[in-house]
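Everything on this sheet refers to the single structure shown next.
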Amino acid sequence: MRFDGEPYDGRELPIQPPFAKMMRLPRERDLDAFLGSADDDPGVTGLQSWPYLYELDETVNPVAYRFKQG
């Protein structure tokens, strides 16, 4: 899944299929823990304390998450 906008701009993260319309991501140092929990629980969308909010953009092909100021 592609993420557009800071801080994960242009990154392809191993999240398939999209989990939710809105997804919070952790700081880079905590990304591996998030990806591990996503493998165990496909419904995970991130903790409220995680600082980076992304919204699913289904108007592009392939779909991508776009950064939202939160």
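Details
- Residue match in segment 3-10 (condition: at pLDDT below 90 and not in a helix (DSSP H, G or I)): no
- Pairs are defined by a Cβ separation below 6 Å, a sequence spacing of at least 6 or placement on different chains, a first member in segment 17-38 that is touching a residue at least 24 places away in the same chain (Cβ under 8 Å) and part of a loop (DSSP other than H, G, I, E, B), and a second member that is among the aliphatic types (A, V, I, L, M) and surrounded by 11 or more Cβ atoms within 10 Å (Cβ to Cβ); the pairs so defined are P18/L56; K21/L56.
The values are calculated or read from the model by the stated rules, or taken from the named source; none is laboratory data. Keep in mind that what you see is a predicted model, and the values were worked out from it rather than measured. Don't worry about glycine lacking a Cβ; one is built from the backbone with ideal geometry, like all the others, and counts go over all protein chains shown.
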